[in-house]
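Participant: Encoded as structure tokens, here's the structure I'll be asking about.
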Amino acid sequence: MGNLTDTQCNFSYKIHLYLFSVTYILLLLIGVPANLYSLYHALLQMRVRNELGIYLLNLTASDLLYLASLPLWLQYFFQNDNWTHKEWLCKVSGFLLYQNIYISIGFLCCISIDRFLAIVFPLRSTCFRSMPAASVVSAIIWLKELGVGVIFFFQKELSKDPTNHTLCFEHYPMQDWERGINYYRFLVGFLLPLATLCISYPWVLRVVNKSTGTQSSQKIRIKHLVTGTVVIFLVCFSPYHIFLMLRTLLEKNCDFVTSIFNYYHFSLLLTSLNCLADPLLYCFVGETTRRNMQLLRRKCALLLCCKREVGHAASSEPPTVKDNTASGVTLLQSKLLSADFCHRIHLEGKGSNTK
């Protein structure tokens, strides 16, 4: 790790050590299973030739790749922002960290446009809402972000701070070559998709409200999808891009970056929450998925109930001779009730799988 650049500014990295570390651990514990379930749901959508499955698959793949980089960042934070691995591993981890923002925005925008076309122009947009079209668009999004990422692989991303710690993907003050990329990210990666949402979603809501053939439950789900996507943009991505542009326009020395250091990094932390929001928004809002979750919850409740009954029976004393008749009747009734409940759960499972 020779030929390192020098970072002139000195900061307290407590926000990384405490807030980032706790958040990243929770993201790993919750985000990995949630996104694996989202991946399963995406594959089901692709099996029925639904183009949304392709967008959801790519969105989930981006989130899982980002989550795979978190253990390295956790080690980095626990060492008080001191990178001890090879530089190429720093570049890969940084690429996964930052590009996940724009890959996620890209596929969220694709899903939003797909719903807009399906609701507002259902007949004229069939050629655009197809599996081949979704595959081409997905490839373009990945290639676009990989093209931006190549720039970072030709730059030095390890630097030394005044305490002789090796920083990864952190330059203070911001270097000149980063400013052009930041303008591109803000205008093309964030502002353009946000403008697309602001224009298309009021149109979608107006069409849905006027529709007489759409069931009220379907209208509610569409509105939740619309609202949820806008919330993700505003909460997860907007604060980061505001501070990113402030740094790009105003950061000339250590005094400015020191004044907004914690605010900027907190806004960066908010972007990681989209790994939890994506599967919740596009999987758990669906009717079929919600029925499957309800069925799973009922089965878990039955399993816990059975375990409690077995534990109670094992801990209770054996019945006396004169209680054998009453005990036998109670046991028979319990078995009949459990069998009937299991039979109903089985029928519900078959019904939900056939829908």
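Participant: Condition first: modelled with pLDDT of 95 or more and within 21 Å of the chain's Cα centre (by Cα). Can you find one or more residues in region 193-204 that meet it?
Facilitator: no
Participant: Here's something else I'd like to know. Among the candidates TYR66, TYR37, TYR13, which residue alone is at pLDDT 90 or above and of a type in the set (Ser, Thr, Tyr)?
Facilitator: Testing whether each residue is at pLDDT 90 or above and of a type in the set (Ser, Thr, Tyr) leaves just TYR66.
Participant: Scan region 151-177 and report the pairs whose first residue is assigned by TED's automatic domain parsing to the domain that holds SER93 and whose second residue is loosely packed, with under 13 Cβ neighbours inside 10 Å and among the acidic types (Asp, Glu), with Cβ atoms within less than 7 Å and a gap of 6+ or a chain change.
Facilitator: SER159/ASP6; LYS160/ASP6
Participant: Let me ask another. Considering LYS91, LYS14, which residue is touching a helix residue (DSSP H, G or I) at 6+ places or on another chain (Cβ under 9 Å), crowded, with 18+ Cβ neighbours inside 10 Å, basic (Lys, Arg) and farther than 17 Å from ILE111 by Cβ?
Facilitator: Matching residue, one of LYS91, LYS14: LYS91.
Participant: Go through (1) closer than 21 Å to LEU225 by Cβ; (2) surrounded by fewer than 17 Cβ atoms within 10 Å (Cβ to Cβ); (3) in contact (Cβ under 8 Å) with a residue 60 or more places away in the chain; (4) of a type in the set (S, T, N, Q) for THR126 and report which single condition fails.
Facilitator: Here THR126 clears every test but (3).
Participant: I'm trying to understand the selection: among the residues of region 94-125, which are touching a helix residue (DSSP H, G or I) at 6+ places or on another chain (Cβ under 9 Å) and not in a helix (DSSP H, G or I)?
Facilitator: ARG124, SER125
Participant: State all residues of region 255-279 that are of a type in the set (D, E, K, R) and in contact (Cβ under 8 Å) with a residue 12 or more places away in the chain; if no residue qualifies, say none.
Facilitator: Result: ASP278, single match.
The values are calculated or read from the model by the stated rules, or taken from the named source; none is laboratory data. Quick caveat, the model's predicted, so the values are computed rather than measured. Note that we place each Cβ from the backbone using ideal geometry, even for glycine, and neighbour counts take in every protein chain shown.
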